[in-house]
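Visitor: Please see the structure below; I have some questions.
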Amino acid sequence: MKAIILAAGMGSRLKTITNNKPKALVEINGITMLETVISNLKTQGVKKFLVNIHHFGDKIIEYLNINNNFGVDIRISDERELLLDTGGAILHAKKFIEGTEPVLIHNVDIISDFSLIDLLSYHREQNCLATLCVRKRDSQRGLLFNNANRLIGWTNLSKNKYKWVDNPSTDYKLLAYSGVYLINPEFAKKINQKLKFSIIDTWLDLAKNNNISGFIDYSNTWFDLGTIEKINEAENKLNINRDKIS
């Protein structure tokens with residue numbers, strides 16, 4: 001199976017930590033975000049990776065070379081000249097996505113013990129073009145699904161802002177995106193936007209004529225590492241969990 005790790009972000013919310021390194025190389029309990037994601041997916045059967053780069057991209061290339069790509073096939077999607085956002089990154093990786101099997105997309109700043117087998121099974125059973133891994137957690141921004149878990153909209157509650165696939169609705173489930181999703185190979189070919197754009201707009205656009213569904217992840221571990229405070233929280237909780245196991 002193949003996976004794309006989105007590692008091109010500026011990491012601006014991490015303040016001084018990313019002044020001299022990319023977000024992907026920020027460490028959590030001594031292990032970089034990038035290595036953490038690669039190791040997790042490698043143990044779940046992913047053998048081919050594509051990592052997109054922008055901010056201090058040369059350091060990511062050097063880091064992977066030094067570590068012999070952690071024993072897997074890793075290719076680079078170079079966005080150093082222009083950061084393409086979460087949607088443009090997928091379009092730019094169109095050739096890598098080609099094939100017969102679904103491709104996993106994973107944000108580099110997410111730690112999760114989601115089950116790839118369960119996600120893949122759901123994706124195939126529901127015959128989805130894309131399956132978005134979501135969780136029931138507090139968030140001001142969320143994805144909106146109908147009773148069949150099909151995507152029907154997006155909201156930013158703090159701004160009372162909504163975007164809909166079709167007509168507005170009051171009958172929906174609000175779930176928070178977890179930074180992981182699966183796509184079929186034809187997903188990139190169906191994208192109508194160009195160059196730099198948000199993947200959320202793509203999901204909403206494609207959901208008009210395709211099955212974009214939500215897979216609810218109930219796993220115990222999930223951390224967004226986007227801020228220093230969240231990194232500290234993750235380090236503390238992960239250490240506590242290790243102490244309990246030992």
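The values are calculated or read from the model by the stated rules, or taken from the named source; none is laboratory data. If you're wondering where the values come from, they're calculated on a predicted model, not measured in any experiment. For neighbour counting, all protein chains shown are included, and Cβ atoms are generated from backbone atoms with ideal geometry for every residue, glycine included.
Visitor: Working carefully through the options Gly71, Gly45, find the one that is more than 27 Å from Thr227 (Cβ to Cβ), in contact with a Leu (Cβ under 8 Å, 6 or more places away or on another chain), modelled with pLDDT of 95 or more and surrounded by fewer than 18 Cβ atoms within 10 Å (Cβ to Cβ).
Guide: The match here is Gly45.
Visitor: Right, something else. Say we look at region 7-29 and pick out the residues that are basic (Lys, Arg) and closer than 23 Å to Tyr181 by Cβ; which of these is farthest from the chain's Cα centre (by Cα)?
Guide: Looking at the filtered set, the residue picked out is Arg13.
Visitor: Just one of Thr86, Thr43, Thr32 is more than 28 Å from Asn184 (Cα to Cα) and under 18 Å from the mean Cα position of the chain (by Cα); which is it?
Guide: Thr32
Visitor: Which one of Trp164, Trp154 is aromatic (Phe, Trp, Tyr), out of contact with any Asp or Glu (no Cβ under 8 Å at 6 or more places or on another chain), surrounded by 21 or more Cβ atoms within 10 Å (Cβ to Cβ) and free of Cβ contacts under 8 Å to residues at least 60 places away in the same chain?
Guide: After applying the criteria, what remains is Trp154.
Visitor: Let me ask something additional. Can Phe49 be described as of a type in the set (Phe, Trp, Tyr), under 17 Å from the mean Cα position of the chain (by Cα) and under 15 Å from Ala24 (Cα atoms)?
Guide: yes
Visitor: Among the listed residues Ile66, Ile97, Ile76, Ile105, identify the single one that is surrounded by fewer than 13 Cβ atoms within 10 Å (Cβ to Cβ) and β-branched (Val, Ile, Thr).
Guide: Answer to the check: Ile66.
Visitor: Residues of region 80-130 being of a type in the set (Asp, Glu) and free of Cβ contacts under 8 Å to residues at least 24 places away in the same chain, which ones?
Guide: Glu81, Glu125
Visitor: Being among the aliphatic types (A, V, I, L, M), in contact with a helix residue (DSSP H, G or I) (Cβ under 8 Å, 6 or more places away or on another chain), farther than 24 Å from Asp78 by Cβ and not in a strand (DSSP E or B) is the filter here; which residues of region 91-136 pass it? Spell out the reasoning first.
Guide: Step one: filter region 91-136 for residues among the aliphatic types (A, V, I, L, M), giving 91, 93, 97, 103-105, 108, 110-111, 116-117, 119-120, 129-130, 132, 134.
Cutting the leftovers down to in contact with a helix residue (DSSP H, G or I) (Cβ under 8 Å, 6 or more places away or on another chain) gives us 91, 93, 97, 103-105, 108, 110-111, 116, 129-130, 132.
Among the residues that remain, those that are also farther than 24 Å from Asp78 by Cβ are: 111, 116, 129-130, 132.
Leu116, Leu129 - these are the residues of region 91-136 that are among the aliphatic types (A, V, I, L, M), in contact with a helix residue (DSSP H, G or I) (Cβ under 8 Å, 6 or more places away or on another chain), farther than 24 Å from Asp78 by Cβ and not in a strand (DSSP E or B).
A quick yes/no check of all residues on (1) over 13 Å from the mean Cα position of the chain (by Cα); (2) of a type in the set (S, T, N, Q):
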position	(1), (2)
Leu64	yes, no
Asp73	yes, no
Ile90	no, no
Thr100	yes, yes
Asn107	no, yes
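Here's the yes/no breakdown for (1) in contact with a Leu (Cβ under 7 Å, 6 or more places away or on another chain); (2) within 24 Å of Lys230 (Cα to Cα); (3) hydroxyl-bearing (Ser, Thr, Tyr):
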site	(1), (2), (3)
Ala7	yes, yes, no
Asn20	no, yes, no
Lys23	yes, yes, no
Lys59	yes, yes, no
Ile90	no, no, no
Asp109	yes, yes, no
Asp113	no, yes, no
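Visitor: A further question follows. Being closer than 30 Å to Ile53 by Cβ and small (Gly, Ala, Ser) is true for just one of Ser139, Ser158, Ser169, Ser121. Which residue is that?
Guide: Just one listed residue meets the conditions, Ser139.
Visitor: Look through Ser178, Ser198 and report the one residue that is of a type outside the set (A, V, I, L, M) and touching a helix residue (DSSP H, G or I) at 6+ places or on another chain (Cβ under 6 Å).
Guide: Being of a type outside the set (A, V, I, L, M) and touching a helix residue (DSSP H, G or I) at 6+ places or on another chain (Cβ under 6 Å) holds for just one of Ser178, Ser198, which is Ser198.
Visitor: Next up: Would you pick out the residues in region 80-90 that are in contact with a helix residue (DSSP H, G or I) (Cβ under 7 Å, 6 or more places away or on another chain) and part of a loop (DSSP other than H, G, I, E, B)?
Guide: Arg80, Leu84
Visitor: Now for a separate question. Out of all the residues in region 182-202, which are over 14 Å from Ala89 (Cα atoms) and buried (at least 18 other Cβ atoms within 10 Å of the Cβ)?
Guide: Leu182, Asn184, listed by residue number.
Visitor: Shifting gears a bit: I'm checking my understanding of the structure. Among residues of region 154-175 that are of a type outside the set (Lys, Arg) and touching a helix residue (DSSP H, G or I) at 6+ places or on another chain (Cβ under 7 Å), which one is nearest to Asp109 (Cα to Cα)? Write out each step before concluding.
Guide: The initial filter retains those residues of region 154-175 that are of a type outside the set (Lys, Arg), namely 154-158, 160, 162, 164-172, 174-175.
Keeping just the survivors that are touching a helix residue (DSSP H, G or I) at 6+ places or on another chain (Cβ under 7 Å) gives 154, 165.
Values: Trp154: 22, Val165: 28 Å.
Residue satisfying both the conditions and the ranking: Trp154.
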